[in-house]
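**Student:** Here it is, the structure, as structure tokens.
Throughout, read-outs are computed from the coordinates displayed, never taken from laboratory work. Only a predicted model underlies this, so the values are computations on that prediction, with no experimental measurement involved. Backbone-built Cβ (ideal geometry, glycine too); neighbour counts: all protein chains shown.
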Amino acid sequence: MTTIAAEGSIVSEKAALRSAIKTALGKLEKPAIAASSEAILGHLKTLPCWSKSSVVSAYLSMPREAQTMPIMDALFTAGKRVYVPKVVGPDPSDMRMYQIESMGQIESFPLTKWNIPEPSLEAVLAAEDGTTTGDIDLVILPGCAFDARCNRLGHGKGYYDSFLKRCFAAAKARGNPIPVTVGICLEEQVVPSVPVTDHDVPLDFVVTPEQVFANPLTR
């Protein structure tokens, strides 16, 4: 069990790592990020969970991270149902999943202050939250840093931690398998060890431009 003192130290380590990763990503050029993103897609397509999935939660990317527009295009081409996240409030449970229908719809979304295309708050609140359906069978998620044991460092808000708990619970309630979780990242985001506490749950896979890490405890 992680002690209070140890948790405080881990919080500091996480903050320092987030700062270091942000600096590293800020030095990358767009062509390099684009090439790396295509390589990530190639690795994703080799995973059995890609071909077996039918309902996918993915995300719309910021400029300085693995780009997901190629992934979105591939998901639609494969005929999958696709959800993307939208934060509707300050609480960790305030991230909903909104179903999108096409690349054209994504391109019509306005950009946020982080240059992310996002659906409007009104549209998301009026639609069914995909988190609660129990149908999602694959989650492709972002992060700040990852390691070879499939540990993930998020951005510190807890939105994805809450979403995964609720998404897993909904799947179990429907009698469905819990979704496969796949983190994607650039090589600059892979570190020897992500600082974790007892509350941090590793992913099933982490996909980078150069390799795929699989969690031996889950897959």
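**Student:** Run through the DSSP bridge list for the stretch 4-214 and note the antiparallel percent, rounded to the nearest 5. Mind showing how you got there, number by number?
**Tutor:** Values: 12 of 25 bridges.
The antiparallel fraction comes to roughly 50 percent.
**Student:** To the nearest 20 Debye, how big is the dipole of the chain about its Cα centre, given +1 on the beta carbon of each Lys and Arg and -1 on that of each Asp and Glu? Intermediate values should be presented prior to the final figure.
**Tutor:** On the way: 21 positive and 24 negative charges, 33 e Å.
Approximately 160 debye in magnitude.
**Student:** In the P(r) worked out for the stretch 1-110, what percent of Cα pairs fall beyond 21 Å? Don't skip to the answer; put the middle values down first.
**Tutor:** Values: 3282 of 5995 pairs.
Tail of the P(r) past 21 Å holds 55 percent of the pairs.
**Student:** How many lysine pairs does the chain hold where the Cα atoms are under 14 Å apart and the two sit 8 or more places apart or on different chains? Write out the running numbers ahead of the final one.
**Tutor:** Working: Lys14/Lys22; Lys14/Lys157; Lys45/Lys80; Lys52/Lys80; Lys86/Lys113; Lys86/Lys157.
Going through the chain pair by pair, I get 6.
**Student:** Related question: Among Tyr83, Ile178, Ile71, which residue has its Cα furthest toward the positive end of the charge dipole of the chain, with +1 on Lys/Arg Cβ and -1 on Asp/Glu Cβ?
**Tutor:** Ile178
**Student:** How far apart, in nanometres, would the label points at Arg166 and Ala78 be if each is projected 7 angstrom from Cα along the Cα-to-Cβ direction?
**Tutor:** 2.5 nm
**Student:** How many percent of the alpha carbon pairs in the stretch 148-219 exceed a separation of 20 Å? Could the numbers behind the result be given before it?
**Tutor:** Values: 841 of 2556 pairs.
The answer is 33 percent, as a whole percent.
**Student:** So, one more: Each residue of the stretch 82-89 in turn: what ³J(HN,Hα) in whole Hz from Karplus with 6.51, -1.76, 1.60 and θ = phi - 60°, glycine and Pro shown as x?
**Tutor:** My calculation for the stretch 82-89 gives 10, 10, 10, x, 9, 7, 10, x Hz in order.
**Student:** Using 7 Å Cα-to-Cβ label points, what is the Asp94/Ala24 separation (nm, one decimal)?
**Tutor:** Calculated label separation equals 3.1 nm.
**Student:** How compact and how long is the stretch 109-191, expressed as Rg and Dmax of its alpha-carbon atoms in Å?
**Tutor:** Just the Cα atoms of the stretch 109-191 yield Rg and Dmax of 14.7, 40 Å.
**Student:** Per DSSP helix of 4 or more residues, -39500 (n - 2.57); summed, then divided by the residues of the chain. What does that give at 222 nm, rounded to the nearest 500?
**Tutor:** Details: 7 runs with 79 residues, N = 219.
The per-residue figure over the chain is -11000 deg cm²/dmol.
**Student:** Mind telling me which of Asp135, Asp204, Asp91 comes out most flexible in a GNM of the chain, alpha-carbon contacts under 10 Å?
**Tutor:** For the chain, modelled as a Gaussian network with Cα springs under 10 Å, the answer is Asp91.
**Student:** Here is a follow-up. Above 31 Å lies some portion of the pair distances; for the chain, what is it as a whole percent of all C-alpha pairs? Don't skip to the end; give the middle numbers.
**Tutor:** Working: 3760 of 23871 pairs.
Roughly 16 percent, once rounded to a whole number.
**Student:** Taking H placed 1.01 Å from N in the peptide plane, check which residues at least 5 places from Val180 or on another chain put their amide H under 5 Å from its amide H.
**Tutor:** Leu138, Val139
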